[in-house]
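The structure appears right after this line, and notes come after that.
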Amino acid sequence: MLYRSKKGNTAHGQLLTLSMASACLLVASCSNDNSAANVDDAELSSLVTAAGLTGDPTTGRTLPDVTDAKAKLGKKLFYSKGLGGDDDSACVTCHHPSLGGGDDLSMSIGVGAEMPDLLGPGRFHDTAAVGYDGSPPVPRNAPTTFNIALWDQALFHDGRVESIGKTAGKNGDDGSGIRTPDSAFGVADPDAGSTLTAAQSRFPITSPEEMRGFIFQVGNTNAELRTALEVKLTNSGWGTHFAMAYGDSAVTHQRIAEAIGEFERSQVFVDSPWKAYVEGDKTAISESAKRGATMFFSSIGDGGANCTSCHAGDFFTDEQYHVLATPQIGRGEGDGSSGNDDFGRFRESNVAADMYRFRTATLLNVEVTGPWGHAGAYTELENMVRHMLNPAEAIANYDFNQLDPNAGIQSGDMLINAQLALGQLEANRTNKVSGVHQNVEFTEDDVTDLVEFLKALTDPCVKDRSCLAPWIPQGMGSGPDGLKLDAVDSTGALL
Ligand code: HEC
Ligand code: HEC
């Protein structure tokens, strides 16, 4: 199963020599130094089959089209600043298709931006805005909304919107209910709606930093806020648009959530070169990507990196929580002695073993969803990969200069926070916690190959503005309430 030379020098190295011998029996192209040897497609295929992949993560799912009536209403809502308390922040502010379904920032900036319609690098907070203290107010990196319909267990980095039943292929829609921040841990929220996506969309509007602002409905409950938004939208002309999707003009928060959810669920981008490769086109990806794939799917004992133990299946996530100790920059969630740490899944479950665990990210289209990590600390994909191979080494080598010097991101406690998370990782290794991350020995060529493999997970559509056009309502007027966000980048060009 070995496919390249290693810098192994320990017991690990001996193991590799043994497996090298057996691999040479199988691999025709095997030579003395096979660091750049061609990958045997049959061998890679057997790894892929063993990992249970079919190539297509959408199999067995019912997914909406962006032209469906509810998705069309959802698109208008997703782009409307009218859902923001001060009319200055929309869902798309942090989840724009041209920015990989995210915002291309380490930490999101929602309300109170200098220029509300400027998205991505160059988006700054207005220093005079209410509630601003000099640093990005949102404590985590915005994940992509692409392929959101493929999650079955949980949304958010800490899984605080989660399906009780977790049936595969259902996006939470399996009849057992969905727990949200409005209900206790483990208890279904009766108002969650049927999909994880609809359930999640009920919460950004409640966050002062993301959308609500610091004046609108301040001090009121989430339910009161949602009712106030129903009234606001009804009074600003949305009724006829709801009628097109629902047959009558009632604006309800359930309909708002469902329509936004259906628009997001139509953002399916899975036609990658990797899918073509798994489905039989052996020329679809490069040799380097094949080497990266072999490493990704091979066990550490076989000289691989075992990434698939967590990034499992065709959606490249086990939807479980693990300690990886990615750099904790930003204001965090107010946890720990530094006051700007983030305890991750522990914040929800209160189970000690969940300390510093975060949900395994999907890797589909990961090339375009940076910065990476739950706090957006890595701005280069290859450095994120280095972290996954050896977290402690990556923390020691972390380059603070990669953070935008004008963004005011707190990073003074990063090493203190990291030491605690790395300590938790070491303790889990010592206690042989199941599925715990293990360090991998690697060369620079390995990093290149893994990054090439990850780039093969990109659906070309997400890098093609014309292909993304159905998800970006440009040139269609200013929306039902005159508050449509027509996004521009820092040069003023339309996104
Ligand atoms: C100010 C930026 C901002 C705005 C505005 C915003 N989001 Fe997000 N979104 C985030 C961040 C940050 C997270 C991750 C939060 C966490 O995990 O704690 C997130 C998480 C999500 C997720 C979960 C993704 C995943 O992989 O689990 C979805 C879906 C989502 N947002 C949709 C929306 C919708 C719908 C709206 C509008 C109603 C919206 N967002 C508004 C920043 C934003
Ligand atoms: C023990 C489980 C585990 C293993 C093994 C693992 N990962 Fe991860 N990976 C995670 C978790 C959890 C996250 C999210 C970490 C965070 O947000 O702080 C993640 C995040 C990532 C990200 C960033 C995604 C994003 O959108 O920010 C990349 C890229 C990645 N992993 C690649 C890999 C590669 C390549 C390997 C093998 C070398 C690997 N991972 C091995 C659990 C794992």
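The values are calculated or read from the model by the stated rules, or taken from the named source; none is laboratory data. Note that the structure is a prediction, hence the values are computed from the model and not measured. Here the Cβ is made from the backbone with ideal geometry for all residues, glycine too, and neighbour counts use every protein chain on show. Protein only, heavy atoms only, side chains kept; ligands, DNA and RNA dropped before computing areas. Shrake-Rupley method; radii C 1.70, N 1.55, O 1.52, S 1.80 Å.
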| message | Test of understanding: among Gly339, Gly344, Gly332, Gly313, which residue is out of contact with any helix residue (DSSP H, G or I) (no Cβ under 9 Å at 6 or more places or on another chain) and under 27 Å from Asp399 (Cα atoms)? | response | Gly339
| field | Residues (closer than 30 Å to Ala69 by Cβ and surrounded by fewer than 19 Cβ atoms within 10 Å (Cβ to Cβ)) located in the stretch 263-304 | value | Asp271
| remark: Within the stretch 256-295, restricting to residues that are within 19 Å of the chain's Cα centre (by Cα) and aliphatic (A, V, I, L, M), the one that is farthest from ligand 2 (Cβ to nearest atom) is Ile260
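Results for (1) more than 19 Å from Thr362 (Cβ to Cβ); (2) touching a Ser or Thr at 6+ places or on another chain (Cβ under 8 Å); (3) basic (Lys, Arg); (4) open to solvent by 40 Å² or more (accessible area, probe 1.4 Å), shown as yes or no for each residue.
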{"position": "Thr127", "(1), (2), (3), (4)": "yes, no, no, yes"}
{"position": "Val130", "(1), (2), (3), (4)": "yes, no, no, yes"}
{"position": "Asp133", "(1), (2), (3), (4)": "yes, no, no, yes"}
{"position": "Val138", "(1), (2), (3), (4)": "yes, yes, no, no"}
{"position": "Asn141", "(1), (2), (3), (4)": "no, yes, no, no"}
{"position": "Phe156", "(1), (2), (3), (4)": "no, no, no, yes"}
{"position": "Ala168", "(1), (2), (3), (4)": "no, no, no, yes"}
| query | So is Gly85 open to solvent by 10 Å² or more (accessible area, probe 1.4 Å), modelled with pLDDT of 95 or more and either of a type outside the set (A, V, I, L, M) or touching a strand residue (DSSP E or B) at 6+ places or on another chain (Cβ under 8 Å) (or both) or not? | reply | yes
| task | Have a look at Asn431, Asn417, Asn401 and point out the one that is more than 8 Å from ligand 2 (Cβ to nearest atom) and either buried (at least 21 other Cβ atoms within 10 Å of the Cβ) or closer than 30 Å to Asp271 by Cα (or both). | result | Asn417
| note | (1) away from ligand 1 (no atom under 11 Å from the Cβ); (2) in contact with a strand residue (DSSP E or B) (Cβ under 9 Å, 6 or more places away or on another chain); (3) assigned to a helix (DSSP H, G or I) all hold for Gly193 apart from (3)
| query | Among the residues of the stretch 384-398, which ones are more than 10 Å from ligand 2 (Cβ to nearest atom) and open to solvent by 40 Å² or more (accessible area, probe 1.4 Å)? | reply | Ala392, Glu393, Ala396, Asn397
| Filter result (away from ligand 1 (no atom under 11 Å from the Cβ) and open to solvent by 10 Å² or more (accessible area, probe 1.4 Å)) within the stretch 89-124 | Ser98, Leu99, Asp104, Glu114, Met115, Asp117, Leu118, Pro121, Gly122, Phe124
| query | Pick from the stretch 355-378 the residues that are crowded, with 21+ Cβ neighbours inside 10 Å and of a type in the set (D, E, K, R): which of them is nearest to ligand 1 (Cβ to nearest atom)? | reply | Arg359
| note | Selection from the stretch 346-375 of residues within 21 Å of Phe269 (Cβ to Cβ) and not β-branched (Val, Ile, Thr) yields Arg359, Ala361, Leu363, Leu364, Asn365, Glu367, Gly370, Pro371, Trp372
| query | Condition test on Pro143, is it farther than 25 Å from Phe263 by Cβ and within 16 Å of ligand 2 (Cβ to nearest atom)? | reply | no
| Of (1) farther than 30 Å from Thr127 by Cα; (2) near ligand 2 (Cβ under 10 Å from one of its atoms), Tyr378 satisfies all except one. Which? | (1)
| request: Name every residue in the stretch 437-476 that is within 11 Å of ligand 2 (Cβ to nearest atom) and either touching a Cys at 6+ places or on another chain (Cβ under 9 Å) or within 15 Å of Thr308 (Cα to Cα) (or both), in order of residue number. | output: His437, Gln438, Asn439, Val440, Leu450, Val451, Phe453, Leu454, Leu457
| query | Would you call Asp314 acidic (Asp, Glu), away from ligand 1 (no atom under 12 Å from the Cβ) and at pLDDT 95 or above? | reply | yes
| query | Would you pick out the residues in the stretch 92-140 that are closer than 24 Å to Asp464 by Cα, within 16 Å of ligand 2 (Cβ to nearest atom) and in a loop (DSSP other than H, G, I, E, B)? | reply | Cys94, His95, Gly100, Gly101, Asp103, Asp104, Leu105, Ser106, Ser108
| task | Scan the stretch 458-477 and give yes if some residue there is in a loop (DSSP other than H, G, I, E, B) and more than 30 Å from Val66 (Cβ to Cβ), otherwise no. | result | no
| message | Among the residues of the stretch 245-265, are any over 30 Å from Asp40 (Cβ atoms), outside any loop (DSSP other than H, G, I, E, B), among the aliphatic types (A, V, I, L, M) and away from ligand 1 (no atom under 15 Å from the Cβ)? | response | yes
